[in-house]
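Visitor: Take this structure, written in structure tokens, and hold onto it; I'll ask about it next.
The values are calculated or read from the model by the stated rules, or taken from the named source; none is laboratory data. If you're wondering where the values come from, they're calculated on a predicted model, not measured in any experiment. FYI the Cβ positions are ideal-geometry reconstructions off the backbone, even for glycines, and counts take in every protein chain you see.
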Amino acid sequence: MLRKADMWNNRRVSVIFPTYNEKESIREAIEDFFATGYVDEIIVVNNNAREGTDREVGKTRAIQVFERKQGYGYAIRRGFEEATSDLIVLCEPDGTFEAADILKLLVYSDSFDAVWGTRTNIALIEQGANMGMFMRCGNVAAAKVMQNLYNTSRLTDVGCTYKLFKKEVIEKIKDKFNVGSQHFGPELMLLTILNGFSFVEIPVNYYKRVGKSSVTGHKSKTFILAIKMLNLIMVYFFRNLFVRKRKK
Ligand SMILES: Nc1nc2c(ncn2[C@@H]2O[C@H](COP(=O)(O)OP(=O)(O)OP(=O)(O)O)[C@@H](O)[C@H]2O)c(=O)[nH]1
Ligand SMILES: [Mg+2]
């Protein structure tokens, strides 16, 4: 079958899907993203995922790599190493995000180095999605701490995986990653900001997850994650302050 040329404005597009517990939804997620007509390659990072996940991925034309180091951050970092395109999109294959929203990220990539989804616009949160008052206010509050400490443009979410980066951004910051677990998202945001890249946040749809969440489904785990994220935001802030003072 002849496929129409993918890409966006002559730029190749990669999507990275870390996977741990998405056997039931990953195949459809891959097919939906390819069906948009903009995606040139999908890299699935199988992070010791549930048995059978690899077979589901094998039924598609996504590229599958196996990352043994356990953790969301390690999985995405491996995806960055494997992706070959000019525009790199991160997403989750758990049914919480919509493939068609990639167009929003691509449109804004014409004007910004990075485009980040936010899941906190009430109009786009599906009933039953894991974004109740507690999660939404927590994300907005942490994002406002980041926005005000680093004096950035508007931020309203620190936990959204659906993000786009130009390759140059990842090339510049990839040696500076420290976090391997779930609070890797804010580290990615902070390094983008501190290295002077431009970004914009845009609302994306957020749906109920297919299958069980291993993180934000539990209140206690979510609370610990929030503390880790805030701690990271503060550590980077003070570290950056000292570095600036020493340079003066
Ligand atoms: N929990 C977990 N997720 C991982 C790991 N490695 C990669 N991931 C991926 O990280 C993403 C986030 O995990 P989820 O369990 O969906 O956590 P979450 O998004 O906070 O929870 P929901 O809001 O319910 O979707 C998924 O795409 C996982 O496949 C890991 O070691 N543990
Ligand atoms: Mg998820």
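Visitor: Here is a check on your reading of the model: is Val204 touching a strand residue (DSSP E or B) at 6+ places or on another chain (Cβ under 7 Å), more than 22 Å from Ile125 (Cα to Cα) and among the aliphatic types (A, V, I, L, M)?
Guide: On the way: touching a strand residue (DSSP E or B) at 6+ places or on another chain (Cβ under 7 Å): yes; more than 22 Å from Ile125 (Cα to Cα): no; among the aliphatic types (A, V, I, L, M): yes.
When the stated conditions are applied, Val204 does not pass them.
Visitor: Looking at (1) surrounded by fewer than 21 Cβ atoms within 10 Å (Cβ to Cβ); (2) within 14 Å of the chain's Cα centre (by Cα); (3) not hydrophobic (A, V, I, L, M, F, W, C), can you tell me which one Lys174 breaks?
Guide: Unmet for Lys174, out of (1) surrounded by fewer than 21 Cβ atoms within 10 Å (Cβ to Cβ); (2) within 14 Å of the chain's Cα centre (by Cα); (3) not hydrophobic (A, V, I, L, M, F, W, C): (2).
Visitor: Oh, and also: When Val204 is evaluated against the numbered criteria (1) within 16 Å of ligand 2 (Cβ to nearest atom); (2) β-branched (Val, Ile, Thr); (3) surrounded by fewer than 19 Cβ atoms within 10 Å (Cβ to Cβ), which criterion, by number, is the only one it fails?
Guide: Result: Val204 fails condition (3) only.
Visitor: In the stretch 71-106, which residues are aliphatic (A, V, I, L, M), touching an Asp or Glu at 6+ places or on another chain (Cβ under 6 Å) and surrounded by 23 or more Cβ atoms within 10 Å (Cβ to Cβ)?
Guide: Step one: list which residues in the stretch 71-106 are aliphatic (A, V, I, L, M), which gives 75-76, 83, 87-90, 99-100, 102-103, 105-106.
This time we only want the ones that are touching an Asp or Glu at 6+ places or on another chain (Cβ under 6 Å), so: 75, 99.
Ala75 - this is the single residue of the stretch 71-106 that is aliphatic (A, V, I, L, M), touching an Asp or Glu at 6+ places or on another chain (Cβ under 6 Å) and surrounded by 23 or more Cβ atoms within 10 Å (Cβ to Cβ).
Visitor: Would you check if there is a residue in the stretch 203-225 being part of a helix (DSSP H, G or I), charged (D, E, K, R) and either over 14 Å from the mean Cα position of the chain (by Cα) or within 13 Å of ligand 1 (Cβ to nearest atom) (or both)?
Guide: yes
Visitor: Quick one: is Thr60 farther than 25 Å from Asn130 by Cα and either assigned to a helix (DSSP H, G or I) or more than 18 Å from the chain's Cα centre (by Cα) (or both)?
Guide: Details: farther than 25 Å from Asn130 by Cα: yes; either assigned to a helix (DSSP H, G or I) or more than 18 Å from the chain's Cα centre (by Cα) (or both): yes.
Yes: the conditions hold for Thr60.
Here's the yes/no breakdown for (1) under 23 Å from Ser181 (Cβ atoms); (2) within 15 Å of ligand 2 (Cβ to nearest atom); (3) modelled with pLDDT of 95 or more:
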| residue | (1), (2), (3) |
| --- | --- |
| Glu67 | yes, no, yes |
| Gly73 | yes, yes, yes |
| Arg77 | yes, no, yes |
| Glu81 | yes, no, yes |
| Glu98 | no, yes, yes |
| Ile102 | no, no, yes |
| Tyr108 | no, no, yes |
| Phe134 | yes, no, no |
| Asn148 | no, no, yes |
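Visitor: What single numbered condition from (1) in contact with a Pro (Cβ under 6 Å, 6 or more places away or on another chain); (2) within 18 Å of Asp101 (Cβ to Cβ) fails to hold for Val45?
Guide: Failing condition for Val45: (2).
Visitor: Could you tell me whether any residue of the stretch 165-180 is assigned to a loop (DSSP other than H, G, I, E, B), closer than 17 Å to Met234 by Cα and within 16 Å of ligand 2 (Cβ to nearest atom)?
Guide: To start, the set of residues in the stretch 165-180 that are assigned to a loop (DSSP other than H, G, I, E, B) comprises 177-180.
Filter once more, keeping what is closer than 17 Å to Met234 by Cα: 177-179.
Going one step further and asking which of them are within 16 Å of ligand 2 (Cβ to nearest atom), we end up with none.
For the stretch 165-180, residues assigned to a loop (DSSP other than H, G, I, E, B), closer than 17 Å to Met234 by Cα and within 16 Å of ligand 2 (Cβ to nearest atom): absent.
Visitor: Read through the list (1) touching a helix residue (DSSP H, G or I) at 6+ places or on another chain (Cβ under 6 Å); (2) among the charged types (D, E, K, R); (3) within 23 Å of Ala100 (Cα to Cα), then give the number of the only condition that Glu24 fails.
Guide: (1)
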